[in-house]
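**Q** Provided herewith is a single structure, encoded as structure tokens, for subsequent inquiry.
The values are calculated or read from the model by the stated rules, or taken from the named source; none is laboratory data. These numbers were taken from a predicted model, which means no experiment stands behind them. Note that each Cβ is placed from the backbone with ideal geometry, even for glycine, and that neighbours are counted across all protein chains shown. Accessible surface areas use protein heavy atoms only, side chains included; no ligands, DNA or RNA. Shrake-Rupley method; radii C 1.70, N 1.55, O 1.52, S 1.80 Å.
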Amino acid sequence: MLYLDNAATTKPNAAVLTSFVKVNESFYFNPNSPHDKGLEAQRLLTEARTQIKQALNLDEQCVVFTSGATESNNMALKGAAYQKRSFGKTIITSRLEHPSVLEVMRELHEEGFHLKYVNITASGQIDLEHLKTLLNQDVILLTCMHVNNIMGQIQPIKKIIDILTDYPKVHFHVDAVQAIGKVPFISEGIDSLSLSGHKFNGLKGQGLLILNNEHSIYPIIQGGGQEFGIRSGTVNLPNNVALAKAINITIKQHNDRYNELRTMNSALRQFIRTYNGVYINSPEDASAHILNISFPGVRGEVLVNAFSKQNVMVSTTSACSSKHATLNEVLYEMGISKNRILGSIRLSFDHALNDVEMTKFKNVFDDVYQEVKELLINDL
Ligand code: PMP
């Protein structure tokens with residue numbers, strides 16, 4: 001099987017699984033219990049948090065363990081909006097965001113916050129000039145993903161941070177789910193940042209919310225006061241220790257892996273360009289782990305099935321929204337034509353394909369192409 005759906009989820013690293021099992025076996029205690037075993041568990045929890053801070057080069061930031069980025073995004077966005085509601089009512093976002101952001105935005109709007117959507121450039125980036133025109137003294141929150149999960153385009157996070165220096169009241173949230181281990185990690189100047197362990201060889205149900213200041217959000221999950229009072233609930237120590245391991249591994253491998261991915265991505269682009277009627281949607285400077293392509297005239301689902309029959313797993317848009325019948329919003333916002341949107345598939349990688357995998361991919365791609373080529377429509 002050739003698994004090319006790593007933006008949906010990745011295979012857990014063996015060392016991460018081992019540490020999860022070991023901690024479950026030997027440290028199943030509650031880190032909040034007052035006895036010796038509870039204290040040992042507490043020490044292990046502190047160590048996991050410290051390891052994460054070291055790996056990500058964090059300083060004073062507060063590392064909150066969550067179940068994943070959906071939870072982290074909900075906590076950060078609602079938490080920041082509620083905390084700042086007496087200072088202003090306006091929130092800025094873009095239509096490129098993941099549903100775990102957009103649905104929260106919709107809800108906040110219903111609760112009375114004003115929403116503004118920033119324009120997108122043809123290469124899928126936030127239009128910084130438009131952003132400047134949207135900012136004013138009523139804005140309390142801005143949210144932006146670092147790397148897009150469908151096209152892979154990278155947002156100019158540092159430039160946004162520069163612009164925001166004139167607006168210190170704005171809470172800046174970054175959804176970095178597709179960025180970690182793929183592009184250099186940025187935390188300075190960001191008020192809150194979300195991660196999901198299973199996107200970088202960790203396990204499902206592991207996530208982080210990194211806060212610049214633990215008091216910057218109102219805690220929407222209340223209870224026993226764990227995790228700095230921000231995310232109550234009995235601590236999942238095995239999960240948290242395993243997540244620290246996954247982060248360490250991903251950060252250590254980042255440079256080598258990324259260079260290999262970039263070389264492979266260029267080779268793949270070259271290969272795909274030799275096929276008449278197939279289009280590459282991901283911008284040239286997108287993250288190398290995502291390659292979105294279109295076969296206009298053929299439905300994405302048909303292509304996914306054709307690849308799947310030959311044991312190559314690719315995706316239509318994103319696993320989270322692939323059941324929606326509507327046109328993919330991200331591609332639509334980038335001005336991509338309807339035929340190209342309907343005929344798009346996403347290839348997403350965890351590591352560069354080796355020679356055997358590359359040959360398999362090329363052969364299957366060619367077979368699928370021969371199968372559908374009569375249906376392709378010119379879409380220039
Ligand atoms: N943001 C982005 C950019 C994502 O790709 C995803 C996962 N598809 C999420 C947030 C949500 O992550 P999870 O499903 O792990 O909660």
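**Q** Kindly indicate which of Lys199, Lys204 is within 11 Å of the ligand (Cβ to nearest atom), surrounded by fewer than 20 Cβ atoms within 10 Å (Cβ to Cβ) and among the charged types (D, E, K, R).
**A** Values: Lys199 fails: surrounded by fewer than 20 Cβ atoms within 10 Å (Cβ to Cβ).
From the options Lys199, Lys204, the qualifying one is Lys204.
**Q** Can I ask one more? Being on the phi < 0 side of the Ramachandran plot and assigned to a loop (DSSP other than H, G, I, E, B) is true for just one of Pro238, Pro296. Which residue is that?
**A** On the way: Pro238 fails: assigned to a loop (DSSP other than H, G, I, E, B).
After ruling out the rest, the residue left standing is Pro296.
**Q** Tell me, yes or no, whether region 116-138 has at least one residue that is assigned to a helix (DSSP H, G or I), open to solvent by less than 20 Å² (accessible area, probe 1.4 Å) and within 19 Å of Gln178 (Cβ to Cβ).
**A** Within region 116-138 (the criterion being assigned to a helix (DSSP H, G or I), open to solvent by less than 20 Å² (accessible area, probe 1.4 Å) and within 19 Å of Gln178 (Cβ to Cβ)), the answer is no, since none of the residues qualifies.
**Q** For Asn149, work out the one condition from (1) open to solvent by 10 Å² or more (accessible area, probe 1.4 Å); (2) away from the ligand (no atom under 11 Å from the Cβ); (3) within 19 Å of Val118 (Cβ to Cβ) it doesn't fulfil.
**A** (2)
**Q** Okay, moving on. Against the condition more than 20 Å from the chain's Cα centre (by Cα) and either within 16 Å of the ligand (Cβ to nearest atom) or farther than 18 Å from His171 by Cα (or both), how does Asn30 come out, does it pass? Outline the logic, then answer.
**A** Values: more than 20 Å from the chain's Cα centre (by Cα): yes; either within 16 Å of the ligand (Cβ to nearest atom) or farther than 18 Å from His171 by Cα (or both): yes.
Criteria met by Asn30.
**Q** Separate question: Residues to consider are Glu103, Glu188; find the one that is away from the ligand (no atom under 15 Å from the Cβ) and open to solvent by 30 Å² or more (accessible area, probe 1.4 Å).
**A** On the way: Glu103 fails: away from the ligand (no atom under 15 Å from the Cβ).
One residue alone meets the criteria, Glu188.
**Q** Looking at (1) assigned to a helix (DSSP H, G or I); (2) open to solvent by 50 Å² or more (accessible area, probe 1.4 Å), find the lone condition where Glu284 falls short.
**A** That leaves (1) as the condition not met.
**Q** Of these, Glu47, Glu60, Glu25, which one is surrounded by fewer than 17 Cβ atoms within 10 Å (Cβ to Cβ) and more than 26 Å from Phe185 (Cβ to Cβ)?
**A** Details: Glu47 fails: more than 26 Å from Phe185 (Cβ to Cβ); Glu60 fails: more than 26 Å from Phe185 (Cβ to Cβ).
Going through Glu47, Glu60, Glu25 in turn, just one is surrounded by fewer than 17 Cβ atoms within 10 Å (Cβ to Cβ) and more than 26 Å from Phe185 (Cβ to Cβ): Glu25.
**Q** Sticking with this structure for a sec: Taking the criterion of being aromatic (Phe, Trp, Tyr) and not in a helix (DSSP H, G or I), would at least one residue in region 246-268 satisfy it? Full working, then the answer.
**A** Applying the first criterion (aromatic (Phe, Trp, Tyr)) to region 246-268 yields 258.
Going one step further and asking which of them are not in a helix (DSSP H, G or I), we end up with none.
The answer is no, given that none of the residues of region 246-268 is aromatic (Phe, Trp, Tyr) and not in a helix (DSSP H, G or I).
**Q** If you take the residues in region 119-145 that are β-branched (Val, Ile, Thr) and away from the ligand (no atom under 16 Å from the Cβ), which one is nearest to Ile190 (Cα to Cα)?
**A** So in region 119-145, the residues β-branched (Val, Ile, Thr) come out as 120-121, 126, 133, 139-140, 143.
Filter once more, so that each one left must be away from the ligand (no atom under 16 Å from the Cβ): 121, 133, 139-140.
On the way: Thr121: 23, Thr133: 21, Val139: 16, Ile140: 14 Å.
The selected residue is Ile140.
**Q** Is it fair to say Leu45 is of a type outside the set (D, E, K, R) and within 16 Å of the ligand (Cβ to nearest atom)? Can you show your working first?
**A** Working: of a type outside the set (D, E, K, R): yes; within 16 Å of the ligand (Cβ to nearest atom): no.
Judged against the criteria, Leu45 is not a match.
**Q** Of all residues in region 52-65, count the ones that are within 16 Å of the ligand (Cβ to nearest atom) and either in a loop (DSSP other than H, G, I, E, B) or out of contact with any Lys or Arg (no Cβ under 6 Å at 6 or more places or on another chain) (or both). If you could, list the steps in order and put the result at the bottom.
**A** Restricting attention to region 52-65, the residues satisfying the condition of being within 16 Å of the ligand (Cβ to nearest atom) are 64-65.
Narrowing further to those that are either in a loop (DSSP other than H, G, I, E, B) or out of contact with any Lys or Arg (no Cβ under 6 Å at 6 or more places or on another chain) (or both): 65.
Result for region 52-65: 1.
**Q** List every residue pair whose Cβ atoms lie under 6 Å apart, where the two residues are 6 or more positions apart in sequence or sit on different chains, the first residue falls within region 118-130 and is within 12 Å of Met334 (Cα to Cα), and the second residue, located anywhere, is open to solvent by 50 Å² or more (accessible area, probe 1.4 Å) and in a loop (DSSP other than H, G, I, E, B).
**A** Ala122/Gly335; Asp127/Asn119
**Q** Okay, next question. Of all residues in region 30-43, how many are open to solvent by 40 Å² or more (accessible area, probe 1.4 Å) and under 15 Å from Asn240 (Cβ atoms)? Spell out how you get there, then give the answer.
**A** Residues of region 30-43 that are open to solvent by 40 Å² or more (accessible area, probe 1.4 Å), as a first pass: 30, 32, 34-37, 39-40, 42-43.
Okay, now just the ones that are also under 15 Å from Asn240 (Cβ atoms), so 30, 32, 40, 42-43.
Qualifying residue count for the region: 5.
**Q** Can you spot a residue in region 105-112 that is under 20 Å from the mean Cα position of the chain (by Cα) and assigned to a helix (DSSP H, G or I)? Show your work before the answer.
**A** The initial filter retains those residues of region 105-112 that are under 20 Å from the mean Cα position of the chain (by Cα), namely 105-106.
Remaining after also requiring assigned to a helix (DSSP H, G or I): 105-106.
Yes.
Let's see how each residue does on (1) closer than 14 Å to Val174 by Cα; (2) among the acidic types (Asp, Glu):
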residue: Met75; (1), (2): yes, no
residue: Lys89; (1), (2): no, no
residue: His98; (1), (2): yes, no
residue: Glu110; (1), (2): no, yes
residue: His114; (1), (2): no, no
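**Q** With polar (S, T, N, Q) and either open to solvent by 40 Å² or more (accessible area, probe 1.4 Å) or within 16 Å of the ligand (Cβ to nearest atom) (or both) as the only criterion, which of Ser266, Ser294 stands out?
**A** Residue meeting the stated conditions: Ser266.
**Q** A further question follows. Within region 314-344, work out how many residues are over 22 Å from Gly68 (Cα atoms), within 16 Å of the ligand (Cβ to nearest atom), open to solvent by less than 20 Å² (accessible area, probe 1.4 Å) and at pLDDT 90 or above.
**A** Residues flagged as over 22 Å from Gly68 (Cα atoms), within 16 Å of the ligand (Cβ to nearest atom), open to solvent by less than 20 Å² (accessible area, probe 1.4 Å) and at pLDDT 90 or above within region 314-344 amount to 1.
**Q** Identify the residue in region 152-175 that is among the hydrophobic types (A, V, I, L, M, F, W, C), within 16 Å of the ligand (Cβ to nearest atom) and over 23 Å from Arg106 (Cα atoms) and, among all such residues, is surrounded by the most Cβ atoms within 10 Å (Cβ to Cβ).
**A** For region 152-175, the residue satisfying everything is Ile157.
**Q** Also, quick follow-up: Just checking, which of Asn259, Asn255, Asn281, Asn265 is closer than 30 Å to Met334 by Cα and in contact with a helix residue (DSSP H, G or I) (Cβ under 7 Å, 6 or more places away or on another chain)? Talk me through it step by step, then tell me what you get.
**A** Values: Asn259 fails: in contact with a helix residue (DSSP H, G or I) (Cβ under 7 Å, 6 or more places away or on another chain); Asn255 fails: in contact with a helix residue (DSSP H, G or I) (Cβ under 7 Å, 6 or more places away or on another chain); Asn265 fails: in contact with a helix residue (DSSP H, G or I) (Cβ under 7 Å, 6 or more places away or on another chain).
Every option except Asn281 fails the conditions.
**Q** Considering only region 2-51, how many residues are farther than 19 Å from Arg231 by Cα, touching a residue at least 24 places away in the same chain (Cβ under 8 Å) and not in a helix (DSSP H, G or I)?
**A** Total meeting the criteria: 14.
**Q** Moving on. Is it the case, given these coordinates, that Asp166 is outside any loop (DSSP other than H, G, I, E, B) and out of contact with any helix residue (DSSP H, G or I) (no Cβ under 8 Å at 6 or more places or on another chain)?
**A** Values: outside any loop (DSSP other than H, G, I, E, B): no; out of contact with any helix residue (DSSP H, G or I) (no Cβ under 8 Å at 6 or more places or on another chain): yes.
No: the conditions fail for Asp166.
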